[in-house]
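*Asks:* Supplied in structure tokens, the structure appears directly below.
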Amino acid sequence: MVVGVLVVVAIIVYAWTQMHKLPSAAVAPNAVPSVPPPHKAGMPAPPFSVQTMLGPITNDTFAGKPYMLELFATWCPHCQRMTAVLRSLRAKLPESRFGMLSVTGSPYAAGSTEGNPIPENQADVDSFDKYFNVTWPSAFDPDLKVAQGWGLNGFPTIYIVNGKGIITFAGSGEMAESQLLAAAHKAGA
């Protein structure tokens, strides 16, 4: 009986993981041409410009106040889980004190499979935002210019920049809200 249950559970786990396989190129950040390693704390924030549902957002949008820039992928389970952390961060730090922006850093959409890579588009980002209740601006970057300018080391890659335009925090992967809140306060939020 126990063996039978374990076999059924193993089959379900295997089927679920196979169903959610992603193209190997989407998993590896170096598969995106010309994406350097991430910038480090202490470096000036590179310039950027993206179009969002709220209009264009650039470095100048956040001039004089700290902000977070997240490079994410709609297919990334870590990015999906981080939306709850970032929503909580947004609730604790109002937009007037701390800017937040998420920008795509992968050319692949969430529906991609190993044999069928699907290009990312704005509708994918909009669906991601709606499904995960994103409460800050996010942008589809069709040419991955922000990822190429800032660098990334996996998804998500999160930067926090102070009001003087200096990166004060850079990290990749899932992070605790307390870590990001401390980094935002260190940046002046």
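The values are calculated or read from the model by the stated rules, or taken from the named source; none is laboratory data. Model, not experiment: these values are computed from the prediction. Backbone-built Cβ (ideal geometry, glycine too); neighbour counts: all protein chains shown. Quick note on the areas: whole protein, heavy atoms, side chains included, nothing else; ligands and nucleic acids left out. Shrake-Rupley method; radii C 1.70, N 1.55, O 1.52, S 1.80 Å.
*Asks:* Check A170, A183, A147, A187 and return the single one that is free of Cβ contacts under 8 Å to residues at least 24 places away in the same chain and under 21 Å from A63 (Cα atoms).
*Replies:* A183
*Asks:* Just to be sure I understand, how many residues within the stretch 114-135 are within 19 Å of L69 (Cβ to Cβ), open to solvent by less than 50 Å² (accessible area, probe 1.4 Å) and over 12 Å from the mean Cα position of the chain (by Cα)? So that I can check it myself, show each step before the final result.
*Replies:* Of all residues in the stretch 114-135, those within 19 Å of L69 (Cβ to Cβ) come to 120, 122, 125, 128-129, 132, 134-135.
From the residues that got through so far, the ones that are open to solvent by less than 50 Å² (accessible area, probe 1.4 Å) too are 120, 125, 128-129, 132, 134.
Imposing the further condition that a residue be over 12 Å from the mean Cα position of the chain (by Cα) reduces the set to 120, 132.
Counting residues in the stretch 114-135 that are within 19 Å of L69 (Cβ to Cβ), open to solvent by less than 50 Å² (accessible area, probe 1.4 Å) and over 12 Å from the mean Cα position of the chain (by Cα) gives 2.
*Asks:* If you go through the stretch 141-153 one residue at a time, do you hit one that is within 20 Å of K65 (Cβ to Cβ) and open to solvent by less than 60 Å² (accessible area, probe 1.4 Å)?
*Replies:* Yes, the conditions are met somewhere in the stretch 141-153.
*Asks:* I've got another one for you. What number of residues within the stretch 154-176 are under 28 Å from Q122 (Cβ atoms) and open to solvent by 40 Å² or more (accessible area, probe 1.4 Å)?
*Replies:* 3
*Asks:* Within the group G154, G188, which residue is at positive phi, outside any strand (DSSP E or B) and either at pLDDT below 95 or basic (K, R) (or both)? Spell out the reasoning first.
*Replies:* On the way: G188 fails: either at pLDDT below 95 or basic (K, R) (or both).
The unique qualifying residue is G154.
*Asks:* Looking only at strands (runs of 3 or more DSSP E) that fall completely inside the stretch 1-113, which ones have 2 or more residues that are buried (at least 21 other Cβ atoms within 10 Å of the Cβ) and at pLDDT 85 or above?
*Replies:* Values: elements: 49-52, 55-58, 67-72, 99-104.
Fully inside the stretch 1-113 and qualifying: 67-72, 99-104.
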